[in-house]
Amino acid sequence: MPAETARHPQIPGARIIDGRAVAAGLRARLAEAIAAAPFAPRLDVILVGADPASAVYVKAKEKAAREAGMVSQIHRLPAETGQAELLALIARLNADATVDGILVQLPLPAQIDQVAVIEAIDPAKDVDGFTLTNVGRLAAGLPGLVPCTPRGCMVLLRETLGDLRGKRAVVVGRSAIVGRPMAQLLVQADCTVAIAHSRSADPAGECRTADIVVAAAGRAGLVTADWIGPGAAVIDVGINRLADGRLVGDVAFEKVAAIAGAITPVPGGVGPMTIACLLENTLEAARRRRGLPLAAAAE
Ligand code: NAD
């Protein structure tokens, strides 16, 4: 057998990880847990301005929350809203005992200090997991509210690979909302983790020896087949709109699917998991606030 073939055995094609199906299963389990609970968790979402993509996301979150049996309230504020007004609303929701989860849809208009606004959210209600308290708790390996997208990626990886212990994982991207928390969660799952980013000398080389590659760079087609080792699990977080209107991930799907062991499509992979995990975070926040065990709402 030629050396080349030995190193790259023919793999019939990757298992396509169906994020829609996994998310639907999680949402159904959450809905059951909520139906059986003596309270309905409440999620409040704040939308400032009229960014069309943000409006779509917020509507989808409200719909999903209601379908799961939660109470959901959207607070729509005009684009010219001042910081003081936004902080006053957050203070009101923090103090309102009926509110379990508070989410401020990002990005915020330029006149508003995003960090100050996120920091104003009570960490116990911070269902996006963006407050420094929750960021710190994740970094320290303590329980807290974890950002929804990385949490969803972990669910998909566990569904696909089972035990992640000892796996070598590379995360492409180091943003505060995806790349960094993703790497922390993989470390917590006992993976050996590297983060590749825009200043890495050889991101492709880092990825090639990995059992797990999570692509979160926001660059269409960045991860090509030569980045991926045979049989690796590839999670594509990227959402990129091409000039022709098509939505694609960061991974060159067809070429990579021919060598990977498993791969998420875009759309239909990580995206649906993000909202499902937002609902899971909201139920967790509601339970914790009432002193109830988290009991595997979703297990
Ligand atoms: P970001 O722009 O904040 O961060 C991108 C990261 O990628 C940076 O850390 C950068 O260093 C790295 N990067 C850029 N070019 C690179 C290259 N050539 N090689 C290696 N690394 C490179 O983006 P983000 O907010 O983390 O989002 C990443 C992608 O995930 C975007 O496409 C975004 O739309 C998508 N996203 C999807 C979901 C979802 O629910 N599916 C949620 C959040 C973000």
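The values are calculated or read from the model by the stated rules, or taken from the named source; none is laboratory data. The shown structure was predicted, so the numbers you read here are calculated from the model rather than taken from an experiment. Ideal geometry is used to build each Cβ from the backbone, glycine not excepted, and the neighbour counts take in all protein chains shown. Surface areas here come from the heavy atoms of the whole protein model, side chains and all, with no ligands, DNA or RNA. Shrake-Rupley method; radii C 1.70, N 1.55, O 1.52, S 1.80 Å.
On the stretch given as the range 97-125, residues that are free of Cβ contacts under 8 Å to residues at least 40 places away in the same chain and not hydrophobic (A, V, I, L, M, F, W, C) total 6. Exactly one residue out of VAL270, VAL234, VAL256, VAL193 is of a type outside the set (S, T, N, Q) and near the ligand (Cβ under 10 Å from one of its atoms): that is VAL270.
Considered as a group, the residues in the range 125-144 that are within 16 Å of the ligand (Cβ to nearest atom), open to solvent by less than 30 Å² (accessible area, probe 1.4 Å) and in contact with a strand residue (DSSP E or B) (Cβ under 9 Å, 6 or more places away or on another chain) include one that is farthest from GLN114 (Cα to Cα), and that residue is VAL127. Looking for something touching a residue at least 60 places away in the same chain (Cβ under 8 Å) and open to solvent by 50 Å² or more (accessible area, probe 1.4 Å) - is there at least one such residue anywhere in the range 259-282? Within the range 259-282, not a single residue is touching a residue at least 60 places away in the same chain (Cβ under 8 Å) and open to solvent by 50 Å² or more (accessible area, probe 1.4 Å). Which of (1) open to solvent by 30 Å² or more (accessible area, probe 1.4 Å); (2) out of contact with any Asp or Glu (no Cβ under 6 Å at 6 or more places or on another chain); (3) more than 30 Å from LEU103 (Cα to Cα); (4) within 12 Å of the ligand (Cβ to nearest atom) is the odd one out, the single condition ALA243 does not satisfy? Unmet condition: (4). For the range 35-47, a residue qualifies if it is within 19 Å of GLY152 (Cβ to Cβ) and either without any contact (Cβ under 8 Å) to a residue 12 or more places away in the chain or surrounded by fewer than 22 Cβ atoms within 10 Å (Cβ to Cβ) (or both), but none of them does. Does at least one position in the range 172-180 carry a residue that is within 14 Å of the ligand (Cβ to nearest atom), in the same structural domain as VAL248 (by TED's automatic domain parsing) and assigned to a helix (DSSP H, G or I)? Within the range 172-180 (the criterion being within 14 Å of the ligand (Cβ to nearest atom), in the same structural domain as VAL248 (by TED's automatic domain parsing) and assigned to a helix (DSSP H, G or I)), the answer is yes, since at least one residue qualifies.
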